[in-house]
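Below is one structure, written out as structure tokens; comments come after it.
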Amino acid sequence: MIRYKKYQVTGEKSSLRGLWYARPLIEDTFDTEKLAKHMANHNTPYSAGLIKGVLTDMISCIKELILDGKNVKLDDLAIFSVGIVSKKGAASAEEFKVSDNVKSLKLRARATGELSNAQINLEGQLKEAALYTVTDSTTEGTPGGGSGPNNGSGDENENPLG
């Protein structure tokens, strides 16, 4: 069950100002150790320590491969790869310079196999995490969960849906 909270976009310059959206409520984060303990409790003969060691080595190898420009596919989970965030385009290939045209690198993860976005939409269930008393929709810090994804910055390019 995926619990969610409602929030309202309040950025003064945002074309989405005043609109309400759902945001998933993340109640816990599993680090490698906690994931290993969880996995060890699933009728496996392997200890949490052994599983943690394998996962730690896997994570290290995935980082190494991604930083070497390779994609890493974990079947029925995701394909991990590097993405490039552009600053601006260049008028020609000759004018292109990384320092002028590239803002940063980012980690990308795309669902694959049985864990596709379509499958998540079929199997995922939403439940509201808390009830809300809607007051004045222009009030900062509304009971709906705050100022939205851009924290009032008015960045209209931000995707309020995640």
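The values are calculated or read from the model by the stated rules, or taken from the named source; none is laboratory data. Source: prediction; values computed, not measured. Using ideal geometry, Cβ is built from the backbone for each residue, glycine included, and neighbour counts are taken over all protein chains shown. Just the protein is used for accessible areas: all its heavy atoms, side chains included, with ligands, DNA and RNA removed. Shrake-Rupley method; radii C 1.70, N 1.55, O 1.52, S 1.80 Å.
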*Pop a pseudo-label 7 angstrom from the Cα along the beta-carbon direction at both LEU122 and HIS38 and give the gap in nm to one decimal.*
2.3
*In segment 31-70, with Lys and Arg counted as +1 and Asp and Glu as -1 at Cβ, which of these residues, ASN43, GLY53, THR32, has the Cα nearest the positive end of the dipole, that is, farthest along it?*
ASN43
*Say each of THR56 and LYS106 gets a label point 7 Å from the Cα, pointing the same way as Cα to Cβ; how far apart are those two points in nm?*
3.1
_segment 1-84: trypsin sites (Lys or Arg not before Pro) in DSSP loop, at most 16 other beta carbons within 10 Å_ = LYS13, LYS70
*With Cβ to Cβ distances under 10 Å as the rule, what net charge do the other residues near ALA129 carry (K, R +1; D, E -1)?*
+3
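Using DSSP to call loops (not H, G, I, E or B), can you name the GluC sites (Glu not before Pro) in segment 1-92 whose Cβ has at most 13 other Cβ atoms within 10 angstrom?
Of the GluC sites (Glu not before Pro), the ones in loops of segment 1-92 whose Cβ has at most 13 other Cβ atoms within 10 Å are GLU12, GLU27.
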*For segment 19-85, calculate the relative contact order in percent as a whole number, restricting contacts to Cα pairs under 8 Å that are 6 or more residues apart.*
18
_Here is the link list: LYS63/LYS127; LYS70/LYS103; LYS63/LYS87; LYS6/LYS34. Which ones come out longer than 27 Å on Cα distance?_
LYS63/LYS127; LYS6/LYS34
*Where PHE80, PHE96 fall by accessible area, highest first, once all protein chains stay in place (1.4 Å)*: PHE96, PHE80
*Report, in debye and to the nearest 20, how large the dipole of segment 31-70 comes out about its Cα centre when Lys and Arg carry +1 and Asp and Glu carry -1 on their Cβ.*
120
*How big is the accessible area of ASP28 in square angstrom, nearest 10, if you roll a 1.4 angstrom probe over the protein chains?*
80
